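> Next up is a structure, given as structure tokens.
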Amino acid sequence: MSQREYHIVVLGSGPSCHAGNPGYSRDRTIQELYMKTGQGFLLVFSITSQSSFYELAELREQIRRIKEDDNVPMVLIGNKSDLEEDRAIPRPRAFAISREWNIPYFETSARRRANVDEAFVDLCRQIIMKDQANRRHMPREDVRPGPRDRNRGRNKRHKSRPHCTIL
């Protein structure tokens with residue numbers, strides 16, 4: 001079974017984010033680098049923060065512009081579902097945005113680990129499906145290496161063997 005390497009970048013703002021998330025940075029250059037190299041994105045907001053929710057529209061557009069792709073794998077995540085009594089974003093509003101953006105919506109609780117795995121699995125599924133669709137449209141290279149290129153070709157095949165990584 002062949003494996004591929006996938007990079008997932010977590011983007012969000014406000015109290016729902018931790019500085020350790022690879023996709024969150026106040027430095028726009030770093031953030032744009034993550035957007036350019038990321039293959040899938042978790043758009044995370046706190047259900048207790050309207051500002052974190054509204055900032056995602058700009059992030060989504062920035063991702064689409066940088067990737068030059070309207071169909072980038074994304075998942076919308078309303079975090080802190082364990083703080084229902086402090087909810088600032090009504091569930092129907094979040095679902096409406098997910099339908100408008102044509103991306104799945106999950107409500108998660110990092111504290112309780114509720115729906116966290118499901119959101120990552122959904123994003124990975126989207127990335128893999130997009131990768132497979134892109135590969136179907138790529139021309140095959142059926143050229144066999146000549147005698148001088150055999151060792152170089154073997155090493156190249158070995159080095160390019162894909163593997164799976166989630167950041």
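Since every read-out is calculated from the coordinates, none of them should be taken as a lab result. Only a predicted model underlies this, so the values are computations on that prediction, with no experimental measurement involved. Heads up, the Cβs are rebuilt from the backbone with ideal geometry, glycines too, and the neighbour counts pull from every protein chain shown.
> Using the 10 angstrom Cβ neighbour count as an exposure proxy, how do LEU42, LEU33 rank, fewest first?
Details: LEU42 25, LEU33 15.
Result, fewest neighbours first: LEU33, LEU42.
> Moving on. What percent do you get for the relative contact order of the range 55-132 when only Cα pairs under 8 Å and 6+ apart count?
It comes to 34 percent, rounded to a whole number.
> What ranking, highest mean first, results for peptides 43-51, 124-132, 104-112 when packing means the other Cβ atoms within 10 Å averaged over each residue?
Numbers: 43-51: 22.2, 124-132: 15.7, 104-112: 17.6.
Top of the packing list down: 43-51, 104-112, 124-132.
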